[in-house]
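Chemist: Would you mind keeping the following structure in view while I ask a few things?
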Amino acid sequence: MHPGLASLGALALSLGALGLATDGFAALTTEGARRLAAVRDAPEVPNMRIETMAGTIESLPAMPQATVVEFIYTTCADICQAAGDEMAQLRDRLATGPLADRVRLVSVSFDPARDDPARMADYGRWHEADGAVWTVARPVTRDDLDTILDAYGVTVIPDRIGGFTHNTALHVVTPSGRLAAILDMDDLDGAEAALVRVLQ
Amino acid sequence: MIARVAVGAVLVLVAIVLRRPIEALPLTHVLVQLPMLALAGAVLAPVLPLGRGEWNRGGWACLIVAGTGIAFWMLPRSIDAALSNPLWETGKILSLPLIIGLPLRLGWARAHPLLRGVLKAQALSMLGVLAFLYTHAPVRLCNAYLVEDQQRLGLGFLALALVLAVAWVAPLISPRAAPRASRTPREIMA
C-alpha cells in the first residue's frame, strides 16, 4: 500500500476515534460530558425515596414539580456553605413570578452517616431553608446513595483533611423526572432559564 | 526476543499489580503508569515482523496511530473512565502498549530526522502547555482527583519537559554534532 494512502486511512480512523471519545470534539472532561448529555439526551433519573431534615420521607425528584438538586455534606467548611447561599438566592428568585410553587429545591447530603435529620436541620437553619420550597435531605440507604450519585453523575472523593471534594453543580430535573440541565453552582440565571424551559 | 517479551510482560504486570497505589495520584498515574505500559509495547517493536512494509515508509501511518492514542489518553475524561469502569481500565492496559508504544517505535524507526525533530519540538511545547494548564486551571479536570494533585501533575509535566529538552538538546551542542566552523554549507557548495 502507498504510504500516503495508509496515512490517510490512519488519519480518518484517528479523527473518528477522537470524535467518538469527545462527543464530537465537544467534551474533553467527564464534567463536560455529563453536562452535554443532560442538554442533549435529558436522561431519566431514578425515582428515589429520601429522608428530609424534618424526618419525613419524600420523593426525589419531586414530580410533578420540577426539581433543582444539589449535593452537599453539612460538615463541609467552604463550598457547601456557598452552595447553600446560592440555593437560598435561587429560592428567593423563584418565590415571585411564574415559576412560584412549581419548583422543589433539594440539597442532598452524600454523607448520610454523619448527616442525620438534626444536622441537616442545622444546615437548613443556617441557610434559612424551611422545608416549604427548599429542603435538605439524605438517601435512606447506602445503596440509594450510590444509585443517586451514579444517576446524577456525581463523584465524591475524600479530600485528605476529613472532608470530601465533589463536582458541585445545580441539577435541573423536569416535571417528568428527566435530568435536563447541569449548571455551575452560582449560575442562577442559567438555572432559572432551564426551569422556564422545562416548565413550558 | 524472549528477554524483550519478558521485559514487556513485567512492565504490564507491575502496572496492573500496583495500579491502586499508582493510580491514587494523577502524577504517578499519568507519568509513571502510562509510560510503563507504552514502554511495554515499545520494547517488543524490534522483534515483531511489523511495520517493514511500503505502507509504513516514513513512519507516518504508525506515528498517526500512536499520536491518536496519546491524544485519547490525554483526555481527562478517559482517565476518569479508567478509574471508574473496569472495561476502560482493561482497554487502557491493552491500548497503551498496542496503540501507543508499539506503533510509536515502529514509526519512529522509519521517520525522517526532520520529522523526528518536529515531533520532539511538538512534544516539548505540548508538555509546556499541559504544565501551564494543570498548574493554573481554576477547575478540576478529572472528577477523580483533587485540585492540588492536579497542580502536582502540572509540575510533573514541566519537569518532564525540562528533562526531555536537556536530553534532546545536549547532543546538538556536543563538539561532534555541529558542522565545523570552516565547513559551513555555503563553503561546501562553493
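Chemist: Could you tell me whether any residue of region B:127-139 is under 13 Å from the mean Cα position of the chain (by Cα) and within 18 Å of A:Thr22 (Cα to Cα)?
Modeler: The answer is no; no qualifying residue exists.
Chemist: Can you find, within region A:157-192, the residue that is farthest from the chain's Cα centre (by Cα) among those that are of a type in the set (Val, Ile, Thr) and away from chain B (no Cβ under 14 Å)?
Modeler: Among those that are of a type in the set (Val, Ile, Thr) and away from chain B (no Cβ under 14 Å), it is A:Thr174.
Chemist: Hey, another quick one. Residue check: is A:Ser107 crowded, with 22+ Cβ neighbours inside 10 Å and at pLDDT 95 or above?
Modeler: So A:Ser107 fits the description; yes.
Chemist: While we're looking at this one, here's another question. Hey, does region A:130-140 have a residue that's under 23 Å from A:Ala77 (Cα atoms), polar (S, T, N, Q) and free of Cβ contacts under 8 Å to residues at least 40 places away in the same chain?
Modeler: no
Chemist: Yes or no: region A:13-26 includes at least one residue that is without any contact (Cβ under 8 Å) to a residue 12 or more places away in the chain and more than 13 Å from chain B (Cβ to nearest Cβ).
Modeler: Yes, region A:13-26 contains a residue that is without any contact (Cβ under 8 Å) to a residue 12 or more places away in the chain and more than 13 Å from chain B (Cβ to nearest Cβ).
Chemist: State yes or no: is B:Leu98 closer than 30 Å to B:Gly58 by Cβ, assigned to a helix (DSSP H, G or I), touching a residue at least 40 places away in the same chain (Cβ under 8 Å) and within 14 Å of chain A (Cβ to nearest Cβ)?
Modeler: yes
Chemist: Would you call A:Val154 within 14 Å of chain B (Cβ to nearest Cβ), crowded, with 21+ Cβ neighbours inside 10 Å and either touching a Ser or Thr at 6+ places or on another chain (Cβ under 9 Å) or over 15 Å from A:Phe110 (Cβ atoms) (or both)?
Modeler: yes
Chemist: Residues being out of contact with any Lys or Arg (no Cβ under 6 Å at 6 or more places or on another chain), of a type outside the set (Lys, Arg), in a strand (DSSP E or B) and crowded, with 16+ Cβ neighbours inside 10 Å: count how many of those fall in region A:158-200.
Modeler: 11
Chemist: Inside region A:86-101, can you point out the residues that are more than 13 Å from A:Leu170 (Cβ to Cβ) and surrounded by fewer than 15 Cβ atoms within 10 Å (Cβ to Cβ)?
Modeler: Within region A:86-101, A:Asp92, A:Ala95, A:Thr96, A:Gly97, A:Pro98, A:Ala100, A:Asp101 qualify.
Chemist: Can you list the helices (runs of 4 or more DSSP H) found entirely within region B:1-92 that contain at least 2 residues being within 12 Å of chain A (Cβ to nearest Cβ)?
Modeler: Because the criterion is at least 2 residues that are within 12 Å of chain A (Cβ to nearest Cβ), the helices (runs of 4 or more DSSP H) in region B:1-92 that meet it are B:60-74, B:76-84.
Chemist: Within region B:128-155, can you find the residues that are farther than 16 Å from A:Glu31 by Cα and among the aliphatic types (A, V, I, L, M)?
Modeler: Scanning region B:128-155 gives B:Val129, B:Leu130, B:Ala131, B:Leu133, B:Leu153, B:Leu155.
Chemist: Have a look at A:Ala6, A:Ala37, A:Ala113 and point out the one that is within 12 Å of another protein chain (Cβ to nearest Cβ) and closer than 24 Å to A:Gly153 by Cα.
Modeler: A:Ala37
Chemist: Report whether or not B:Pro103 is surrounded by fewer than 16 Cβ atoms within 10 Å (Cβ to Cβ) and either out of contact with any Asp or Glu (no Cβ under 6 Å at 6 or more places or on another chain) or among the aromatic types (Phe, Trp, Tyr) (or both).
Modeler: no
Chemist: For region B:106-132, which residues satisfy the criterion of being loosely packed, with under 14 Cβ neighbours inside 10 Å and free of Cβ contacts under 8 Å to residues at least 40 places away in the same chain?
Modeler: B:Pro113, B:Leu114, B:Gly117, B:Val118, B:Ala121, B:Gln122, B:Ser125, B:Val129, B:Phe132
Chemist: Just to be sure I understand, how many residues within region B:119-169 are under 29 Å from B:Arg105 (Cα atoms), more than 13 Å from every other protein chain (Cβ to nearest Cβ) and hydroxyl-bearing (Ser, Thr, Tyr)?
Modeler: So the count comes out to 1.
The values are calculated or read from the model by the stated rules, or taken from the named source; none is laboratory data. Keep in mind the model is a prediction, meaning the values are calculated, not measured. Positions of Cβ are generated from backbone atoms using ideal geometry, with glycine treated the same way; all protein chains shown enter the neighbour counts.
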